[in-house]
Each structure stands twice: as C-alpha cells, then as structure tokens.
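Following: one structure in structure tokens, then a few remarks.
The values are calculated or read from the model by the stated rules, or taken from the named source; none is laboratory data. These numbers come from a predicted model, not from an experiment. FYI the Cβ positions are ideal-geometry reconstructions off the backbone, even for glycines, and counts take in every protein chain you see. Heads up: the accessible areas ignore ligands, DNA and RNA and are worked out on the full protein's heavy atoms, side chains in. Shrake-Rupley method; radii C 1.70, N 1.55, O 1.52, S 1.80 Å.
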Amino acid sequence: MSVYLDNAATTRPCEPAVSAVFQCMVEDYGNPSSLHKLGLNAEQRVEDARKAIAAALVCDPQCITFTSGATECNNTAVFGAAQNYGKRKKKIVVSAIEHPSLAEPIKYLEEKSGFEVVRIKPSRNGEISEEDFMSAVDEDTFFASCMLVNNETGSIQPVRKVFSYIKRNFPECITHCDAVQGFMKIPIRSADIFADIIVVSGHKVHAVKGVGAMFVKKGIRIPPMLMGGGQERGKRSGTESVPLISGFGAAVRALMPTMSVAHENAEKITAYLLKKLSRLDYVTVNSIAENRSPYITNFSVEGIRSEIMLHFLETQNVYVSSGSACSKGAHSSVLTALGIPDRLADSAIRVSIGRTTTMGEIDALINAVQEGYGKLAKK
Ligand code: PMP
C-alpha cells in the first residue's frame with residue numbers, strides 16, 4: 001500500500017477527469033476553431049469547462065481564460081500588468097512567500113526593467129501582516145499580489161482585507177491572487193476577495209497536469225503572452241488543449257459540491273496528525289498560523305536533513321515532500337522568510353493530505369517517521 005501525502009505537489013486525477021480526457025481523445029477530437037460538427041463539439045467541451053470553473057469562482061465565464069497552468073497565468077499576469085499599467089507607475093508590492101512562478105518574473109522585472117519591488121515579510125507563523133502590506137501600497141503601485149494559501153506551510157493570507165483596502169484607496173492598482181492551493185479547498189468568490197486576477201491550476205484539484213485558468217475582471221487589460229490564432233478571445237493563442245481543459249472542468253464539476261465535507265474531513269485528519277506529532281519531542285511543527293489550510297502541514301525532524309528523511313519514508317511507501325516540490329531540495333525561501341533557523345529549514349517535511357487520506361495513513365506516516373528517526377538520528 002502506498003501512502004500519498006504530496007497532494008500540494010500534484011493530485012491523482014479523479015475518474016470524471018480521466019474519462020473526460022479520454023472522450024476528448026477518442027470522440028471529440030476536433031479543433032474548436034473548425035466550423036464542422038467535430039469542431040463544434042470540441043468547442044462545446046471547452047465552453048462547458050469554462051462554465052464549471054466560472055461557477056466555482058462565482059464569476060462570468062467570459063472572465064475565464066485557459067492556459068497551460070498556473071505558471072503561465074502568473075507570468076502573463078505580472079508581465080501583462082507591467083506592460084499595460086507599469087508605464088507611469090513603477091512599484092510592485094508582493095508577499096515575500098509567493099510561488100517561484102510569480103516571484104521569479106517579478107525579480108526579472110526588478111532587475112531588468114527597473115521596477116521597485118516591495119516584498120512583505122510574513123511573521124514567524126507564516127501570516128502576512130495586513131498593516132504592513134496595506135501601508136506599502138501607494139499611488140505609484142500598479143500591481144499588488146498576495147497568494148491565498150501558502151504552498152509550503154498552508155498559512156491562509158488576509159487577501160480579502162488587503163485587497164478591499166487597496167481597491168478602495170488605489171482603484172487603479174491591479175490586485176492579483178495566486179489561489180492555486182486554496183481553489184476547491186476553501187470557498188473563493190471572485191467579487192468577495194477584491195482580486196482583479198485569480199489564478200488556479202488543474203492538477204492540484206484532481207485534473208491533469210498542463211492546464212490552468214485565470215480569472216481576469218472585466219475592464220482589466222492584460223495583453224496576451226502568446227499571439228497567433230486568437231483563441232481564448234485573443235487572450236491566449238494556440239489550439240486549446242481540449243482534453244486537458246475538459247478534464248479540468250469535469251474534476252471541478254464532480255468535486256466542488258463536496259468541498260465543505262472534504263474540508264471537515266481534512267480538519268479531522270490534520271488534528272489527528274498534529275496530536276501524533278506533538279508526542280514526538282524531536283519534531284517541530286512549522287505550520288502554526290492561526291488561519292491555515294488543513295491540507296498542508298510542515299514540520300521539521302531535528303537533526304535529519306529533509307531529503308534523507310523523505311527517501312527513508314519512501315522506502316516505507318510513504319510519499320511526502322521536502323519544503324515544496326518546486327524547490328527540489330534547494331533551501332526553502334519560504335521557511336527562510338518566516339525566520340525559521342537553517343537547522344529546522346534543512347530538516348523540513350511537507351505533508352499535504354488529500355480528499356481520501358485516512359487516519360490509518362497518518363499512522364503509517366508517524367510510524368515511518370519514528371522508525372526513520374530511530375535509524376538516522378546521530379546517536
Ligand atoms: N502557485 C502555487 C501556489 C503552486 O503551488 C503551484 C504548483 N506548485 C503553482 C503556482 C504552479 O502551478 P502549475 O504547476 O500549474 O504551473
């Protein structure tokens with residue numbers, strides 16, 4: 001039996017997603033731009049998926065653009081905003097714990113195009129201070145970004161409060177939210193969080209890798225990164241990946257109705273995990289935000305490097321992550337931003353549970369950690 005506890009890295013595609021992907025490959029394989037029936041069927045698939053994502057974000061389907069994933073959405077958002085709104089205004093305000101798919105393009109803009117970037121540091125518990133963020137935004141700020149749920153610690157950020165303040169006081173500033181780790185886990189009504197742009201990804205919600213979507217509020221002009229055939233209303237050219245898009249829509253449609261039940265279950269499982277971890281005196285839990293997602297728990301095992309523990313757990317068929325899958329063993333910039341000492345950051349393990357995780361699987365994890373510690377800790 002394998003125990004998969006790396007759902008923040010990716011999830012197992014659900015049956016409705018797989019079946020939609022399959023049908024689009026064997027039946028509705030037309031090009032949505034073709035004028036014949038096969039083309040129309042494919043187009044219908046894309047539009048059905050658009051409606052599903054829009055319903056989940058409570059917005060007009062016309063505001064949804066499909067892309068190859070959240071990385072493309074984040075790049076498009078910030079480069080596009082810089083192009084259109086960054087001529088007179090020169091400042092970007094962003095949390096210091098963003099995913100590299102946003103942090104790196106912002107660093108590029110800072111280094112190559114001379115934008116001023118203010119990075120708001122989180123407190124030790126992983127939360128961005130609303131006051132710090134709000135006071136950094138001014139008349140010169142054209143882009144403000146804060147993620148909804150941090151992918152390494154699970155801390156939930158005060159996006160609604162910060163963005164409502166920004167929109168009230170600096171309505172021209174574009175507000176952007178990477179909601180990848182919050183989508184289909186906590187309710188996100190586009191209007192309620194005052195975000196002009198919201199980014200989500202298919203493979204984190206039991207669809208297939210290689211598809212994402214961005215909500216862009218009406219009136220916000222984000223120029224396309226890809227130009228060509230004018231697909232996606234000119235916002236993202238390239239023949240639509242109908243199978244992936246349709247699979248994304250199918251997963252959202254199938255799983256959205258049970259979001260709150262899944263959340264309650266995740267809370268129970270995580271409470272159980274935390275209780276078990278608290279009995280191990282060599283473990284320090286790094287996910288300590290008051291407001292946090294029950295799907296992600298980060299902890300450090302004293303004296304054992306993350307990769308060493310990760311690979312030991314793997315021998316016990318337990319799959320976790322060190323920091324985040326994206327940092328691939330590099331020192332986690334998020335944990336460092338939190339002020340977590342190197343000794344603990346070097347031994348961090350991220351457990352991200354899913355909809356089907358059981359208490360038995362948590363027992364298997366804890367047993368494996370105990371065994372690993374017994375074997376690997378320097379005596
Ligand atoms: N943002 C966050 C918060 C993420 O966790 C991830 C995936 N690790 C991404 C963006 C990138 O998503 P994708 O894999 O769809 O490009």
Kindly flag which residue pairs out of K112/K185; K204/K268; K161/K218; K161/K235; K87/K167 have an alpha-carbon separation exceeding 25 Å in this structure.
K112/K185; K161/K235
Cα radius of gyration and Dmax for the stretch 45-105 (Å):
14.2, 41
D48-E264 FRET efficiency (beta carbon distance; Förster radius 22 Å; 0.05 resolution)
0.15
Per residue, how much accessible area does the stretch 140-213 show when a 1.4 Å probe rolls over the protein heavy atoms, in square angstrom?
26 Å²
Please list the three semi-axes, largest first and in whole Å, of the ellipsoid equivalent to the stretch 195-281, using sqrt of 5 times the eigenvalues of its alpha carbon gyration tensor.
36, 16, 13
Pick out, in residue order, every one of the trypsin sites (Lys or Arg not before Pro) in the stretch 82-140 that is DSSP loop and has at most 14 other C-beta atoms within 10 Å; say none if there are none.
K87, R88, R124
Dividing the Cα radius of gyration by the Kirkwood radius, what Rg/Rh value follows for the stretch 115-202?
0.94
Taking only the alpha-carbon positions of the chain and ignoring solvent, what does the Debye formula give for the base-10 log of I(q)/I(0) at q = 0.06, 0.14 Å⁻¹?
-0.23, -1.19
So, by mean Cβ neighbours within 10 angstrom, what's the order for 193-206, 26-39 with the highest one leading?
193-206, 26-39
Restricted to Cα positions, what overall size does the stretch 279-379 have along the principal axes? Three whole-Å values, descending.
37, 32, 27
Just grab the label-to-label distance for S164 and H36, each label 7 Å out from Cα along the Cβ direction, in nm (one decimal).
5.4 nm
Between E290 and T239, how high is the FRET efficiency from 1/(1 + (r/R0)^6) when r is the Cβ-Cβ distance and R₀ = 35 Å? Nearest 0.05.
0.15
Two decimals, Cα atoms only, Kirkwood Rh: what is Rg/Rh over the stretch 1-143?
1.08
If the chain between Q62 and Y282 were fully extended at 0.36 nm per residue, the gain over the current Cα-Cα distance would be 74.0 nm
Could you work out what % of the accessible surface of the chain is carbon and sulfur, using a 1.4 angstrom probe and leaving DNA, RNA and ligands out of the count?
54 percent
Dipole of the chain, Cα-centred, from +1 at each Lys and Arg C-beta and -1 at each Asp and Glu C-beta, to the nearest 20 debye?
240 debye
Given the rule -39500 (n - 2.57) for each run of at least 4 DSSP H residues, summed and divided by the residues of the chain, what is its mean residue ellipticity at 222 nm, to the nearest 500 deg cm²/dmol?
-12500 deg cm²/dmol
